[in-house]
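The values are calculated or read from the model by the stated rules, or taken from the named source; none is laboratory data. Predicted, not measured: the structure shown is a model, and the values here were computed from it. Don't worry about glycine lacking a Cβ; one is built from the backbone with ideal geometry, like all the others, and counts go over all protein chains shown. Note: areas computed on protein heavy atoms with side chains; ligands, DNA, RNA excluded. Shrake-Rupley method; radii C 1.70, N 1.55, O 1.52, S 1.80 Å.
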Amino acid sequence: MAYEAYARGGDSRDGREGHDSRDWREPREPRERDSREYRDARESRDGREYRDARDHRDAREDVRDRRDGYDEREERENLPRTHDVDENGQYVVPDVVKTFVAYFYRHIREKNVYEIHQMYDGSWNKLSERMFTTTLWPPVEAIAPFVDNDHVFCLLYKEMYFRHVYATVQPTLAQRCESWENYCNLFQVILHGNVNMQLPNLWLWDMIDEFIYQFQNFCQYRAKLKSRTEEELTALRQCEQVWNIFGVLNYLKALIESSHIVDILEEESGGNLTFTATDGYDYQGGSNVLKVLGYFSIVGLLRVHCLLGDYHGALRCLSPIDINQQGVFTRVIGCHITTMYYYGFANMMMRRYVEAIKAFNSVLLYIVRTQQYHSKSVQYDQIMKKNEQMCALLAICLSLCPQAKLVEENIHNQLREKLGEKMLRMQRCDEATYDELFSYACPKFITPSAPNFDEPPMNYNQDAYRLQLKLFLTEVRQQQLVPSIRSFLKLYTTIPISKLASYMDINESTLRAGLTSYKHKTHSVDADRNIISNADIDFYIDGEMIHVVEPKTTRRFGDHFSRHILRFEEITRELERMELPV
Amino acid sequence: MPGVEGRPRTIEELVATNSYNPMIVSDLEEYVMMEQFEPEKVNITIMSRILTKALMAMPSMDFSLCMYLIPEKLQIEEPFFTFTELSHLLETANFREFWAMAMRSRDLLEVVPGFEQAIQEYAIHVLSITCKRVPRHILAEAVNIDGPSLDKFLAMQCQKCGWEVETISEGRQMVVLPDNEDNNPSLRKVQSDSISLREVARLFPVMS
C-alpha cells in the first residue's frame, strides 16, 4: 500500500491539490510570527499562498483521499507491533518504517523543506509514540538499503536515532560513544561543504541542542564513579576523547567560523537583512545547513559557557546576536527560550539584575501569549518546565533588585500566584528560599575535566552545582542589609546616620559600610564597563545626613494605550466577521 | 584548542607588566577556565596574580567571575581563602578590616604593582556615588592614608579631580566630593514617557 503511494507520488508532483490540507503540527505562533519560516520556504517552491490554520483544520477531511506524498495515517491498520529478527538474524524493518525513511530520503534529496519538516516534526514523533515507546528505532544498517545507502542520510538518521535513544532509555557507554562519533562525522561532512541540503531550522536547532545536551549528560555520567564496576571504569578510561570539552567547543566554533555567520550578522546590523529576512533559508538552490548551524552554535556556545560557570565568556559568545530584536533565534521556540534563559541567568550571576529581569519578562510573556499554540507540541512539558524555572529566576532577581515596573502585569500575577510567599521570604533575606529556588532553576552545571582514575572512585557530579550555589548564596549574604536599609529609606526624606543606626540596632560604622555597600550592590557594570544604577530607592549622604531621593514615578501611558488600541482593533475585527442571526 | 599551548607564557607576560590594564581581565578569565579543563596543570602562583588583578578591577565583577571557575576544593585552601575574605570585605565596604588584612597578606598582593592604588580608586568610587560630603576620618579609613600623607593626597585630589576640603569646626574637616548623578539627584536625567519606534510601527496599520 505504502509503495503504491510512493510510486504514484513520484509522477504527480505538479498537481498537488491537497498540499495545503496537511495537518499542521509544529507549534504555531501568533500573528506577526505566523509560521513565516515554512510559508517562505514553500512560496519559493511553488509560489503558493500560505493559508491560515483554520483552513488547514477544515480541509483535514480530504487528507485521506489524497494519494500524493507520504501519510502515516494510511498504515494505521496493519502495524507490526514487535520488531523481530528473521531466521537469518537480520533485523526485520516494519513496512511503515521502510516507507517513512524512503519518503524522508526523497524529500531531503528534493530539498522539500516543508515536507521534511512535516516528517521530522510530525511523522517521526508519531511513529515513535506508536511503535517505539519501549524499543529503539531500527539500526541504521537495517534501513540503509531503502535509502540507497546514502552516507549523509544515514548520518542524519543516526542523529535522530540516538536522540530517540536518549529520550527512551538510559544510554549505554557504547551508545554515547557512537552518538559522539556520529556528530563528529556529520559536522565534518557539513564543515567541508559537502552537503547541498536544505533542512528545517527546527531540526538544525535540535541538532545543536541535542549535541550539548548529550555532552552535558556525558559529563554527569562520567562524574558518577562510585558504583561502577572495574570493567566500566576501564572502558570509561579509554573514552578520553569522547564528548571532550575541547572537541565540543571546537566543533561549535568551527561551525561559526566556517559559516561566516558573524560577518553576515554584522552586515545585518547595517540594515542588510538577507539572513533574517529569509530565516536563513537559501532560495538560490544553495544549502542553509552550515549557515544556520553556525548561527545556532552561537547560542550553543552561550549555553556551554554557562554550564561551565563562565558567564562572561557566555555573553561574549552571544554578542553577534542582538537579543532585543526579532531574529532567526526567535523563530524556533526551543531556541528562543534557551537563548533567553541562559542570557538571563548569566546576567543574574553578574549582578546585572535589570538586564536579567527584562530578558525573563520578555520570554515569559512570549510563552504566555503563545501557550495555546504549543500546548499540543511534543516539547510542551519542556517548555512549561523552563517557564517555571524562569519564573523562579525572575522572582530571585526581583527580590534582590525590586524593579517591579519592568515586569508586565500578567507576569506579575503569575509570580504572585506561584511564588508570592517565597518572594516575601526572600525579601526578608531567607537564605533557604534562595537556595531552594536557585537549585530548582539553575542550569545543570558540569565539571568538564575527566576524573583522575588513579584515585579511589567517587561521585563528583554535584560539585559544579554546589560551587555555583555557594557563590550565589555568598552574594545574597553580602546583600543582607540591603532590604532593611531600603525599607527604612522608604519612610524618610532625610534622616541622620546616628538615628537610622539606632533604629536598625547596629553601630554607625556598620551602617555606613552597609549604605556604601548598598550603593555598590545596586550598581552594575555592563559589557562596556559602564556603571549603571539599578536602585529603585536611592539616597545620598551629605556629611552625617542621609537624603532619600524620591523615585520619580512617571507612569508610562504610551505602552498602555498602544496595547489597548491594538486589542480594540482586534475585537472590532472579530465582531465584523461575525454573522448575526437574522 | 588553538592557542592553549602558548597561553601560560603570555599570561606570565600579562601579569608581569607594570601598569594595570583592565582590558586584559577577560584574557585572564579565559586562562582560569583553561585551568578548569585541565586541573592537573593548575599553577597557584599565576592564579593568585590573576585574583589580585581581579580584585583591582573592582567594582567590576571579575573576581566573582574567576571564582565561578575555580573548583571548590581549591577554594577552601590558601591562598584562595584569603582572597575570598578580601573580596568579601571590599564588597561589603568594610575598608578598615580590608586594609588590615591586606597588610597581613602583603606577600601575596605585592607581586602585582599598583594594587594599593587600584583599591584606593575603588574606595573613592564607591564613596563618591554614596556621599556628597564625607568626614575626613571616614575617607582616611577607606583609602588607608592618614596624617600628613592624607593632607598631601587631598591637596592633589583637589587640584586634579575637583575635590574641596571644608573645615567645619576646630579639627573637623569635611571632604566635598565632585558632583555626579548618584550623589546629586538633580543631575539625573528624567526618564520621559517615550514610546519605542517598534510600538508606533505596530499602530500604523490601525491608523491607516
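Selection within the range A:306-326: residues that are open to solvent by less than 10 Å² (accessible area, probe 1.4 Å) and more than 9 Å from chain B (Cβ to nearest Cβ). The member of this set that is nearest to residue A:445 (Cα to Cα) is A:307. Could you go through the range A:199-214 and let me know if any residue there is open to solvent by 30 Å² or more (accessible area, probe 1.4 Å) and among the polar types (S, T, N, Q). No; the residues of the range A:199-214 include none that is open to solvent by 30 Å² or more (accessible area, probe 1.4 Å) and among the polar types (S, T, N, Q). For the range A:222-245, a tally of residues being of a type in the set (Val, Ile, Thr) and either in a helix (DSSP H, G or I) or within 14 Å of chain B (Cβ to nearest Cβ) (or both) returns 2. Of all residues assigned to the range B:172-189, none qualifies as being modelled with pLDDT of 90 or more, within 24 Å of residue A:525 (Cβ to Cβ), more than 8 Å from chain A (Cβ to nearest Cβ) and open to solvent by less than 60 Å² (accessible area, probe 1.4 Å). Can you tell me which residue in the range A:319-350 is nearest to residue A:524 (Cα to Cα), limited to those that are β-branched (Val, Ile, Thr) and assigned to a loop (DSSP other than H, G, I, E, B)? Among those residues, the one meeting the criterion is A:323. Residues considered: A:189, A:147. Of these, the only one that is farther than 25 Å from residue A:464 by Cβ and in contact with a Phe, Trp or Tyr (Cβ under 8 Å, 6 or more places away or on another chain) is A:147. In the range A:251-295, what residues are assigned to a helix (DSSP H, G or I), hydroxyl-bearing (Ser, Thr, Tyr) and open to solvent by 40 Å² or more (accessible area, probe 1.4 Å)? Matches in the range A:251-295: A:258, A:269, A:274. Listed by first and then second residue, the pairs linking a residue in the range A:237-248 that is acidic (Asp, Glu) to a residue that is open to solvent by 20 Å² or more (accessible area, probe 1.4 Å), with Cβ atoms under 8 Å apart and 6 or more places separating them unless they lie on different chains, are A:240/A:450. The C-beta contact set for the range A:471-485 (first residue more than 9 Å from chain B (Cβ to nearest Cβ) and part of a helix (DSSP H, G or I), second residue basic (Lys, Arg) and open to solvent by 20 Å² or more (accessible area, probe 1.4 Å), distance under 8 angstrom, 6+ apart or interchain) comprises A:483/A:428.
The requirement of being open to solvent by less than 50 Å² (accessible area, probe 1.4 Å) and outside any helix (DSSP H, G or I) is not satisfied by residue A:219. Please work out if residue A:298 is within 30 Å of residue A:450 (Cβ to Cβ) and either in a loop (DSSP other than H, G, I, E, B) or among the β-branched types (Val, Ile, Thr) (or both). Taking the combined requirement at face value, the residue satisfies it. Do we have residue A:416 as open to solvent by 10 Å² or more (accessible area, probe 1.4 Å) and more than 17 Å from the chain's Cα centre (by Cα) here? Answer is yes for this residue. Of all residues in the range A:430-470, those satisfying the criterion of being more than 14 Å from chain B (Cβ to nearest Cβ), touching a helix residue (DSSP H, G or I) at 6+ places or on another chain (Cβ under 7 Å) and surrounded by 14 or more Cβ atoms within 10 Å (Cβ to Cβ) are A:433, A:434, A:435, A:437, A:439, A:441, A:457. Contact map, the range A:210-224: first residue free of Cβ contacts under 8 Å to residues at least 40 places away in the same chain, second residue open to solvent by less than 10 Å² (accessible area, probe 1.4 Å), Cβ cut-off under 7 Å, separation 6 or more or different chains; the map is empty. Only one residue in B:127, B:203 is more than 30 Å from residue A:539 (Cβ to Cβ), surrounded by 14 or more Cβ atoms within 10 Å (Cβ to Cβ) and within 11 Å of another protein chain (Cβ to nearest Cβ). Which one? Going through B:127, B:203 in turn, the sole match is B:203. Can you tell me how many residues within the range A:536-550 are in contact (Cβ under 8 Å) with a residue 40 or more places away in the chain, open to solvent by 20 Å² or more (accessible area, probe 1.4 Å) and either touching a Cys at 6+ places or on another chain (Cβ under 7 Å) or under 30 Å from residue A:319 (Cβ atoms) (or both)? Final tally of qualifying residues: 1. Scanning for something of a type outside the set (Asp, Glu), within 16 Å of the chain's Cα centre (by Cα), open to solvent by 20 Å² or more (accessible area, probe 1.4 Å) and within 14 Å of another protein chain (Cβ to nearest Cβ), does the range B:108-116 turn up at least one residue? Among the residues of the range B:108-116, not one is of a type outside the set (Asp, Glu), within 16 Å of the chain's Cα centre (by Cα), open to solvent by 20 Å² or more (accessible area, probe 1.4 Å) and within 14 Å of another protein chain (Cβ to nearest Cβ), which makes the answer no.
Quick grid of which residues meet (1) at pLDDT below 85; (2) farther than 30 Å from residue B:65 by Cβ; (3) not assigned by TED's automatic domain parsing to the domain that holds residue A:403; (4) not in a loop (DSSP other than H, G, I, E, B):
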{"residue": "A:548", "(1), (2), (3), (4)": "no, yes, yes, yes"}
{"residue": "A:553", "(1), (2), (3), (4)": "yes, yes, yes, no"}
{"residue": "A:558", "(1), (2), (3), (4)": "yes, yes, yes, yes"}
{"residue": "A:567", "(1), (2), (3), (4)": "no, yes, yes, yes"}
{"residue": "A:574", "(1), (2), (3), (4)": "no, yes, yes, yes"}
{"residue": "A:581", "(1), (2), (3), (4)": "yes, yes, yes, no"}
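Residues in the range A:505-528 that are surrounded by fewer than 18 Cβ atoms within 10 Å (Cβ to Cβ) and over 19 Å from residue B:131 (Cβ atoms): A:505, A:526, A:527, A:528. Here residue A:489 fulfils each of the conditions (1) open to solvent by less than 10 Å² (accessible area, probe 1.4 Å); (2) at pLDDT below 90; (3) within 29 Å of residue A:308 (Cα to Cα); (4) not polar (S, T, N, Q) apart from (3). Scanning the range A:158-194 for residues that are crowded, with 19+ Cβ neighbours inside 10 Å and farther than 22 Å from residue A:138 by Cβ returns A:187, A:190.
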